[in-house]
Amino acid sequence: QVQLVDSGGGLVQPGGSLRLSCAASININSISHLAWYRQAPGKEREFVARISILGRTTYADSVKGRFTISRDNAKNTVFLQMNSLKPDDTAVYLCRASRLGIDYWGQGTQVTVSS
């Protein structure tokens, strides 16, 4: 069983930055992939970024060059640094952990980009 706690969301102006955190209840060295997804009102959940246990990263085209995913194994936490935010980035952001064939989700954190 893996519990994930997402935090760091908020209201930011276009062009601003936010850093999201996802704290895991277990040693994340045992988690093969950690990822961020987002879901905007009326839209399906979409992939944002993923980081493997070896540190390999993958990004959605819509966030490449603006978002950076990273992991701190000592703190059992994965981060999503979001820069140059746009109104289209407004969504609930959720962390996902994949371990032993099972996916676990955080509760989500709201990001609103608006002037």
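The values are calculated or read from the model by the stated rules, or taken from the named source; none is laboratory data. None of these values were measured; they are calculated from a predicted model. Positions of Cβ are generated from backbone atoms using ideal geometry, with glycine treated the same way; all protein chains shown enter the neighbour counts. Accessible surface is based on the protein model in full, side chains and every heavy atom, while ligands, DNA and RNA are left aside. Shrake-Rupley method; radii C 1.70, N 1.55, O 1.52, S 1.80 Å.
The charge dipole of the chain, taken about its Cα centre with unit charges on the Cβ atoms of Lys, Arg (+1), Asp and Glu (-1) only, comes to about 200 debye. First check a/c for region 50-115, with a ≥ b ≥ c the square roots of the eigenvalues of its C-alpha gyration tensor; if it is under 1.5, answer rounded, and if not, answer prolate when a/b is larger than b/c or oblate otherwise. Prolate is the answer for region 50-115, as a/c is 1.5 or above and a/b outweighs b/c. The label-point distance for Ala74 and Ser25, in a model that sets each label 7 Å from Cα toward Cβ, rounds to 2.6 nm. Rolling a 1.4 angstrom probe over the chain with all protein chains present gives an accessible area of which 47% lies on carbon and sulfur atoms. Net charge around Lys75, counting only other residues with Cβ within less than 15 Å of its Cβ (Lys, Arg = +1; Asp, Glu = -1)? My count for the surroundings of Lys75 gives 0. Note that the chain presents 53 Å² accessible area per residue, ligands and nucleic acids not counted, probe 1.4 Å.
The trypsin sites (Lys or Arg not before Pro) found in region 1-60 that occupy coil by DSSP, while having at most 15 further C-beta atoms within 10 Å, are Lys43, Arg45, Arg56.
GNM remark for the chain: springs join alpha carbons under 10 Å apart, and the peak mean-square fluctuation among Ser52, Ser98, Ser30 falls on Ser30.
Estimated from the Cβ-Cβ distance and a Förster radius of 22 angstrom, the FRET efficiency linking Ser7 and Ser115 is about 0.35. Taking a Cβ cut-off of under 11 Å around Val92, the surrounding Lys, Arg, Asp and Glu residues balance to a net charge of +2, with basic ones at +1 and acidic ones at -1.
Considering only Ile28, Ile69, Ile53, the mean-square fluctuation computed in a Gaussian network model of the chain, springs between alpha carbons under 10 angstrom, is largest for Ile53.
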